[in-house]
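Undergrad: I have a structure I would like to understand better, so I am pasting it below and will then ask my questions one at a time.
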Amino acid sequence: MMMHSAPFRLLMSLVFLTVGTALMAQDEAIHDEIRTMRDRAIAAFEARDAEALLAELDERIIFTAMNNETVTGKDALRDYYARMMDGAAGLVIDLQVAFETDALATLMAGGKPRLPADR
């Protein structure tokens, strides 16, 4: 068993602390980007601006409405939104929502969730 000197252990601790702190800062920056995207989507939704809302979504979006109707893709979601929300023919007159975050997004590394030990 190899024994390391106290200065070596201290140096290694500082290296791991520095790397860990840098990764935590990087994670926080990513979470801030996600929060900004969320805020733009909420603002677009509240303004009933379908195109601004769709700009925040992936082309492969799959949306299931409260009536269990499922739409796949931005074009289908755009059509659904128009049918439900637009003009006098829209089925939804008023809608109030509250957005709450349960937990931070799980960040991925190499196709797998990053674990605290990875940070």
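The values are calculated or read from the model by the stated rules, or taken from the named source; none is laboratory data. This one's a predicted model, so the numbers in the text were calculated from it and none came from an experiment. All Cβ positions, glycine included, derive from the backbone under ideal geometry; neighbour counts span all protein chains shown.
Undergrad: Among the listed residues ALA43, ALA105, ALA82, which satisfies the condition of being touching a residue at least 24 places away in the same chain (Cβ under 8 Å), closer than 25 Å to ASP27 by Cα and of a type in the set (Gly, Ala, Ser)?
TA: Numbers: ALA43 fails: touching a residue at least 24 places away in the same chain (Cβ under 8 Å); ALA82 fails: closer than 25 Å to ASP27 by Cα.
Within the list ALA43, ALA105, ALA82, the selection yields ALA105.
Undergrad: Here's another thing I want to ask about it. Go through LEU57, LEU23 for me and flag whichever is closer than 25 Å to LEU107 by Cβ, modelled with pLDDT under 85 and surrounded by 13 or more Cβ atoms within 10 Å (Cβ to Cβ).
TA: Values: LEU57 fails: modelled with pLDDT under 85.
LEU23 is the lone residue from the list that is closer than 25 Å to LEU107 by Cβ, modelled with pLDDT under 85 and surrounded by 13 or more Cβ atoms within 10 Å (Cβ to Cβ).
Undergrad: Applying the selection to the range 62-80, what residues are more than 18 Å from ARG48 (Cβ to Cβ) and β-branched (Val, Ile, Thr)?
TA: Answer for the range 62-80, where residues must be more than 18 Å from ARG48 (Cβ to Cβ) and β-branched (Val, Ile, Thr): ILE62, THR64, THR70, THR72.
Undergrad: Could you please find all residues in the range 66-102 being over 24 Å from the mean Cα position of the chain (by Cα), surrounded by 11 or more Cβ atoms within 10 Å (Cβ to Cβ) and among the aliphatic types (A, V, I, L, M)?
TA: Within the range 66-102, ALA82, MET84, MET85, VAL92 qualify.
Undergrad: Could you list, in sequence order, the residues of the range 81-94 that are part of a loop (DSSP other than H, G, I, E, B) and within 15 Å of ALA50 (Cβ to Cβ)? Talk me through it step by step, then tell me what you get.
TA: Let us first name the residues in the range 81-94 that are part of a loop (DSSP other than H, G, I, E, B), namely 86-94.
Those that are part of a loop (DSSP other than H, G, I, E, B) and within 15 Å of ALA50 (Cβ to Cβ): ASP86, GLY87, ALA89, GLY90, LEU91, VAL92.
Undergrad: Being closer than 30 Å to ARG114 by Cβ, at pLDDT below 85, of a type outside the set (D, E, K, R) and not in a helix (DSSP H, G or I): is that true of HIS31 here? First the steps, then the outcome.
TA: Working: closer than 30 Å to ARG114 by Cβ: yes; at pLDDT below 85: yes; of a type outside the set (D, E, K, R): yes; not in a helix (DSSP H, G or I): no.
No: the conditions fail for HIS31.
Undergrad: Still on this structure, please answer the following. Taking the range 28-51 as the search range and keeping residues that are farther than 25 Å from THR106 by Cα and in contact with a helix residue (DSSP H, G or I) (Cβ under 7 Å, 6 or more places away or on another chain), which one is surrounded by the most Cβ atoms within 10 Å (Cβ to Cβ)? Give the derivation first.
TA: From the range 28-51, those farther than 25 Å from THR106 by Cα are 46-51; that's our starting set.
Restricting the remaining residues to those that are in contact with a helix residue (DSSP H, G or I) (Cβ under 7 Å, 6 or more places away or on another chain) gives 48, 50.
On the way: ARG48: 14, ALA50: 17.
Once the filter is applied, the top-ranked residue is ALA50.
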